[in-house]
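Reviewing the structure listed below.
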Amino acid sequence: MIHIAVCEDDLSAAEQAEQWILELQTQVSEPLAVSIYYSGESFVRAVRDGCPFDIIVMDIELGGMNGITAGELLRKDDGNDHVQLIYMSSHEEYHLQLFDVMPSGFIRKPVQPELFRDKLIQAARKAIRRREQGQTSFLPIQLKGKEALVPYRDILYLESKLRKVLLHAKTGCLEYYSTLKQEEQKLRGVEFVRIHQSYIVNFAQVREIRANTLLLLTGQELPISGKYQTPVRTGYLKFRSDLVE
């Protein structure tokens with residue numbers, strides 16, 4: 001079963017979203033279950049001891065606790081990294097604020113039914129694929145003889161240094177024996193991209209693509225080598241377009 005939460009403080013909009021989701025049942029291979037929350041506070045209480053949802057559709061402009069704060073509290077638990085968080089708003093200027101909560105999508109208000117349904121079908125099918133393939137939202141690395149799991153959302157970029165990889169994360173830098181080729185294989189299908197012989201970058205941490213460089217949200221600039229420029233630009237445009245529908 002795919003468990004979906006809708007957090008929307010407008011009663012009629014919440015009921016409409018629930019109806020649209022349930023109408024998708026014939027297009028996905030697992031049953032859909034929908035839970036409605038009318039405030040950020042009630043949603044946060046529901047996930048305090050663990051999030052049971054595969055997909056969350058969250059309005060940003062909620063009375064009281066807004067959707068961004070609710071999303072930040074959700075993501076504080078690394079066990080919730082797999083949850084797909086889709087935001088709704090009539091304002092698009094929130095994009096940079098949303099990167100830290102790893103949004104899976106953004107739906108403009110007023111909501112267009114077909115775009116809403118398309119986004120939810122994609123999310124439901126992705127949840128099913130992840131379950132079938134046993135995908136996780138952590139990068140496993142060998143650190144001092146032990147396996148460590150690093151949440152994707154914490155990774156800024158990976159850097160090659162001789163026979164080692166430097167994993168630059170929000171919390172600091174981890175150094176371990178591996179190659180970028182090996183790490184690239186682990187990250188296949190995830191939103192990471194090779195930009196240079198020495199760098200793999202998390203698209204979710206990118207602020208801007210420039211002529212021969214890439215600017216991270218941290219303000220750090222990394223080089224893009226010639227052979228990677230076209231796939232990097234194409235991949236980044238697709239990544240951004242997938243967030244906004």
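Structure notes:
- Looking only at residues in segment 59-78 that are among the acidic types (Asp, Glu) and touching a strand residue (DSSP E or B) at 6+ places or on another chain (Cβ under 6 Å), the one that is modelled with the lowest pLDDT is Asp78.
- Tabulated pairs, segment 95-113, first under 11 Å from Ile68 (Cα atoms), second modelled with pLDDT under 80 and among the aromatic types (Phe, Trp, Tyr), C-beta under 7 angstrom, 6+ apart or interchain: none
- Some residue of segment 206-220 being in a helix (DSSP H, G or I) and modelled with pLDDT of 90 or more: no
- Checking Leu62, Leu32, Leu73 one by one, the residue that is among the hydrophobic types (A, V, I, L, M, F, W, C) and closer than 24 Å to Thr171 by Cα is Leu73 and no other.
- Residue in segment 121-141 that is surrounded by fewer than 16 Cβ atoms within 10 Å (Cβ to Cβ), on the phi < 0 side of the Ramachandran plot and part of a loop (DSSP other than H, G, I, E, B) present: yes
Yes or no, residue by residue, for (1) at pLDDT 90 or above; (2) in contact with an Asp or Glu (Cβ under 8 Å, 6 or more places away or on another chain):
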| residue | (1), (2) |
| --- | --- |
| Glu18 | yes, no |
| Ser42 | yes, no |
| Phe53 | yes, no |
| Val83 | yes, yes |
| Ile86 | yes, no |
| Glu93 | no, no |
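- Taking every residue in segment 155-183 that is part of a helix (DSSP H, G or I) and pairing it with any residue that is open to solvent by less than 60 Å² (accessible area, probe 1.4 Å) and aromatic (Phe, Trp, Tyr), at least 6 positions away or on another chain, the pairs with Cβ-Cβ distances below 8 Å are Leu180/Tyr199.
The values are calculated or read from the model by the stated rules, or taken from the named source; none is laboratory data. The structure displayed is predicted, hence computed values, not measured ones. Methodologically, a virtual Cβ is constructed for each residue, glycine included, from the backbone with ideal geometry; neighbour enumeration extends over all protein chains shown. Only protein heavy atoms, including side chains, enter the accessible area calculation; ligands, DNA and RNA are left aside. Shrake-Rupley method; radii C 1.70, N 1.55, O 1.52, S 1.80 Å.
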